Amino acid sequence: MSATITAPAYRIIPIIPALKPGAMEDSKPFVANDKIQEALGFPGQLVEDWHDRAIARMGELLGKYRSLKVYMDACVHCGACSDKCHYFIGTQDPKNMPVARQDLLRSVYRRYFTLPGKFFPKLVGARDLTREVLDEWYTYFNQCSECRRCSVFCPYGIDTAEVTMAAREILDCVGYGQKYSNEIIGKVHRIGNNLGLPGPALLDTLEGLEEDVKEGTGIDVRFPLDVKGAEVLLITPSADFFAEPHIDSLIGYAKVFHATGTSWTLSSMASEAGNFGMFIGNYEQLRKIAMRIREAALELGVKRIIVGECGHAWRVAYSFWNTLTGVGDGADANDRFAMMLQKQLDHRYKQPMHICEFTWDMIEQGALSFDKEANDKHIITFHDSCNVARGSRMGNFAGGQFEIPRNIIKAVANNFVEMPSSTTREQTFCCGGGGGLLTDDLLDLRVKGALPRMEVLQQVVDEHGVNFMACICAICKAQFTKVMPIYGFDRRMIGGVHQLVSNAIRLDNK
Amino acid sequence: MVGTLFAILLYLATLLFVVGVLYRIRVYSRTPAPLKIPTTPAPINTGGVVLRMTREVLFFESLFKANLWTWGLGWLFHASLALVLLRHLRYFTEPVWSWVALIQPFGVYAGIAMLLGLAGLWVRRLFVERIRYISTPSDHLMLVLLMVIAASGLLMKFLAHTDVIAVKGFILGLMYFNWQPLPAHFGLYVHLFLVAVLLLIFPISKLLHAPGVFFSPSRNQADNPREKRHISAWAKQLDTSQLGPNDMGNAK
């Protein structure tokens, strides 16, 4: 399949593409088998009474999530979002317009939960839930990366991510789950991380890294695992342990901890920052996966929790961990569950903290110094990862998630260039592989979804000679490594912010 | 006879409008928002949220970022509608409040602007391929409904006058349960009937965007999840079931 996949042509002027109905109707990921489904407590196969169960589950979700309820009612079909999705721009399939994607679910909501839909379905675009509609849900709710770009532009803030999550949750509940995401969630529970790297192998990898860094720098930089009483617990995406270019950022974090004399540890129990529970919209899975971090923190007795470069993981950590697990501050004094952990954590620091916040704090305090020339071979631009940009924050002010990574890059390198502002910060385009779509059975979609980012990257390459795109997301790194060559770029152009930190940081033998 | 029918219709429409919208607000406010999902960058405190919501409701900030044509036409329509509604207050108070008297001429222009805005939005819906694709019959009808209401109102102002004193008498009569006859005027019948229809469909249609926007979690939440634990009632139950007897000792 991948042999036939080619990159779509760049738009000469970035005009809104004409519609190509049905362009992506055959793009769907592999369906999860019964073993994968049942491990998460979902039915193994599409159940006999899927229709009734789906409607019942939709009703439950409407009662549990204000977002879904309001978003189902409030849309006026104004079209503000219609040209904002990278998958629509790349595929031209009208069902990839955010409003049309929402309407796949909204049409059924109207039919079963509203008066006009019950009595005049045609008039208000209401539809019965048929097998065709269910298949359409599976197809198109697996063409949304939950990046929230549409929600920036919606006059009511309708967030298609919330709708996609609800739809995927309904599909899982009737036994129609997606293989890639659900298999990964199974691995987190069984082994401790998304990539299925068991504890002993992790230890081996970390020891190997210590040797590599020693060889490269002559300095004993440690990569500690399961150290009780460490100050900092680092939670990072498991791709950081061996994927390229992710591993270079892990080395960067270790060097920052080394240079600042911070005692830190990784955890074999919680060797994964990623949380695919969010992608499938299942609160129980989201919570269960996050609970591993709470347990590791309690067991190791750490004072601080820091999160590595991973977009959706940072959204979950920043926005949801306090709710899910109590990792944070400001719980009620009689909230025993949260207080158990919050009493242990050191609240002079943000809990949890992003590794970029940590590094930037250290730079501001003068605790780190750099040979910026070490990055002179790079002309760098920064790709804002969607979940960091639109679902989280860093620092003390709104928008810190944009400034802090850029500040770090400028502190460790001399050549920094911005991409056009309509594609960065809160208007950033998804890499095309987020939200549980980073699987080869969706490669065609991933390549097309990368189009808007590749277009503007080409622009800064042509105008400024950019040869390095930094980001802070494991999925962005993996996605770009795969699709950039298809657009004619060198795969090594993508890398982490802490990879640049690692290149330039001055170390001494502590 | 016609007056009686209209009296009944308007009472019914107003009642269903008020009850329906209150019911919706009740449902929205009672449905929990279990997770912090403001679209960031978002205000970090409540004061900031009030400002964000004000900008959103008064100036359609997000729509402005999205598409200038839709924003311009949409804002023109909504702002004009607001002025037109305020102008209509003169039918509901005796004596007419001085500021309502003051805005009367502007209200007339607003009526024309409202019609233009609606027409522009309909042209967009009819001729922009993407917008036509996502439109349901009700989307078109809603615009037609509003346009006929506006046009019938303007018609009575400029072409076929009705006895506005008598109309006011009729409306005050409805308000104080001292019923008065409604002037026989076709344009007026159309105008009032369609306004009643609008009130009736408001709580069961996309017009719910008006109360809905205030309950949108991506807009009305402050961005402070690390500083304050946000937990809904149903999620809280999961915490409690997690705490075993051994944990209680640790928690002290």
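The table below lists the values:
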| read-out | value |
| --- | --- |
| Distance in nm between pseudo-label sites at A:Asp34 and B:Thr93 (7 Å out along the Cβ direction from Cα) | 7.2 |
| Residue-averaged [θ]222 nm for the protein assembly as shown, counting only DSSP H segments that reach four residues, each worth -39500 (n - 2.57) | -16500 deg cm²/dmol |
| Estimated dipole of segment A:189-360 in Debye, rounded to 20 [Cβ of Lys and Arg +1, of Asp and Glu -1, Cα centre] | 720 |
| Local electrostatic count, B:Lys228, Cβ distance below 12 Å [Lys/Arg +1, Asp/Glu -1] | -2 |
| Label-point separation, B:Ala233 to A:Asp135 (7 Å along Cα→Cβ), nm | 4.3 |
| A:Gly177 long-range amide H proximity, modeled H, under 5 Å | A:Ala32 |
| Highest-fluctuation residue, B:Ala110, B:Ala150, B:Ala101 considered, GNM on chain B with Cα pairs under 10 Å | B:Ala101 |
| Least to most buried among B:Glu227, A:Glu295 (fewest other Cβ within 10 Å first) | A:Glu295, B:Glu227 |
| For segment A:215-280, alpha-carbon Rg and Dmax in angstrom | 12.9, 45 |
| Nitroxide proxy distance, nm - points 7 Å out along Cα→Cβ at A:Arg506 and A:Lys343 | 4.5 |
| Cβ-placed point charges (K, R +1; D, E -1), dipole of segment B:5-65 about Cα centre in debye, nearest 20 | 180 |
| Which of B:Gly187, B:Ala210, B:Thr14, positive extreme of dipole for chain B (C-beta unit charges) | B:Ala210 |
| Calculated SAXS-style log₁₀ I(q)/I(0) at q = 0.07, 0.12, 0.13 Å⁻¹ - chain B, Debye, Cα scatterers | -0.36, -0.88, -0.99 |
| Principal axes of segment B:1-113: Cα extent on each, largest first, Å | 56, 34, 27 |
| Mean Cα-pair separation over length for segment A:297-348, i.e. relative contact order, pairs under 8 Å, 6 or more apart, % | 39 |
| Subset of A:Lys255/A:Lys372; A:Lys95/A:Lys118; A:Lys28/A:Lys179; B:Lys36/B:Lys236; A:Lys20/A:Lys122; A:Lys64/B:Lys36 violating a 20 Å alpha-carbon distance limit | A:Lys95/A:Lys118; A:Lys20/A:Lys122 |
| Segment A:152-243: GluC sites (Glu not before Pro) falling in loop per DSSP and having at most 14 other Cβ within 10 Å | none |
| With eigenvalues of the C-alpha gyration tensor scaled by 5 and rooted, segment A:189-360, Å | 26, 18, 14 |
| Whole-Å distance, taken between Cα centres, linking segment A:365-419 and segment B:156-208 | 61 |
| Two-site FRET efficiency, A:Glu364 against B:Val123, from Cβ-Cβ distance with R₀ of 60 Å, rounded to 0.05 | 0.65 |
| 13 Å beta-carbon shell around A:Val460, net charge (K/R +1, D/E -1) | -3 |
| Neighbour-count ranking [beta-carbon atoms within 10 angstrom, fewest first] of A:Lys95, A:Lys84, A:Lys28 | A:Lys28, A:Lys95, A:Lys84 |
| Hits among aspartates and glutamates - C-alpha to C-alpha of A:Lys35 under 17 Å, sequence gap 8 or more where chains match | A:Asp172, A:Glu183 |
| Amide H within-cut-off set for A:Leu225, under 5 Å, with H built and near neighbours excluded | A:Leu266 |
| For segment A:98-152 and segment B:18-40, distance of Cα centres in Å | 20 |
| Listed residue (A:Ser268, A:Thr325, A:Ile170) projecting farthest to the positive dipole end of chain A, Cβ model | A:Ile170 |
| Cβ-defined net charge surrounding B:Thr31, 12 Å radius [Lys, Arg +1; Asp, Glu -1] | +4 |
| Test item: Cα-centred dipole of chain A, Lys/Arg +1 and Asp/Glu -1 on Cβ, debye | 1220 |
| Projected-area average for segment A:7-177 over all orientations - Cα convex hull basis, square nanometres | 10.7 |
| Signed unit charges on C-beta, dipole axis of chain A, positive-most listed residue A:Leu115, A:Gly311, A:Pro21 | A:Leu115 |
| Convex hull volume of chain A per residue (C-alpha atoms, cubic angstrom) | 146 |
| Candidates per GluC sites (Glu not before Pro) in segment A:37-66, loop by DSSP, up to 13 other Cβ within 10 Å | A:Glu48 |
| Residues A:Met339, A:Met278, A:Met469 arranged by fewest to most Cβ contacts within 10 Å | A:Met339, A:Met469, A:Met278 |
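Rule-based calculations on the coordinates, nothing more; no lab input. If you're wondering where the values come from, they're calculated on a predicted model, not measured in any experiment. For neighbour counting, all protein chains shown are included, and Cβ atoms are generated from backbone atoms with ideal geometry for every residue, glycine included.
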